[in-house]
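The values are calculated or read from the model by the stated rules, or taken from the named source; none is laboratory data. Quick caveat, the model's predicted, so the values are computed rather than measured. So basically every Cβ, Gly included, is an ideal-geometry build from the backbone, and we count neighbours across all protein chains shown.
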Amino acid sequence: MLKKMLGIAKATNDGIKMHETNGLNWVLTLDQDSTVLPDYISQLVDDEDNGVCMFAPI
């Protein structure tokens, strides 16, 4: 638990760092304004299997 509010970026970064030590393979971050297509997650997995290592909005 954080002792004071440091913002969403700090919380996100801390969460990612914590899970890296547990063998994290990839991370997907979304916020309240994010929308994804119904097959988005399966598409990410398929692309990862094909060697894609980064996704970013355009």
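Taking only pairs six or more apart or across chains, which ones have beta-carbon atoms under 9 Å, a first residue in region 23-46 that is closer than 19 Å to T12 by Cα and among the aromatic types (F, W, Y), and a second residue that is in a loop (DSSP other than H, G, I, E, B) and modelled with pLDDT under 85? So the pair list comes out as W26/C53.
Looking only at residues of region 18-41 that are over 14 Å from the mean Cα position of the chain (by Cα) and among the acidic types (D, E), we find that the one that is surrounded by the fewest Cβ atoms within 10 Å (Cβ to Cβ) is D33.
Answer yes or no: is there a residue in region 42-55 that is more than 12 Å from the chain's Cα centre (by Cα), part of a loop (DSSP other than H, G, I, E, B) and at pLDDT 85 or above. Please lay out each step first, then the result.
Filtering region 42-55 down to residues more than 12 Å from the chain's Cα centre (by Cα) leaves 42-43, 45-53.
Filter once more, so that each one left must be part of a loop (DSSP other than H, G, I, E, B): 50-53.
With at pLDDT 85 or above added as a condition, the list becomes none.
No, region 42-55 has no match at all.
Each residue in region 18-34 was checked for being farther than 20 Å from V45 by Cα and either among the β-branched types (V, I, T) or outside any loop (DSSP other than H, G, I, E, B) (or both), and 2 pass.
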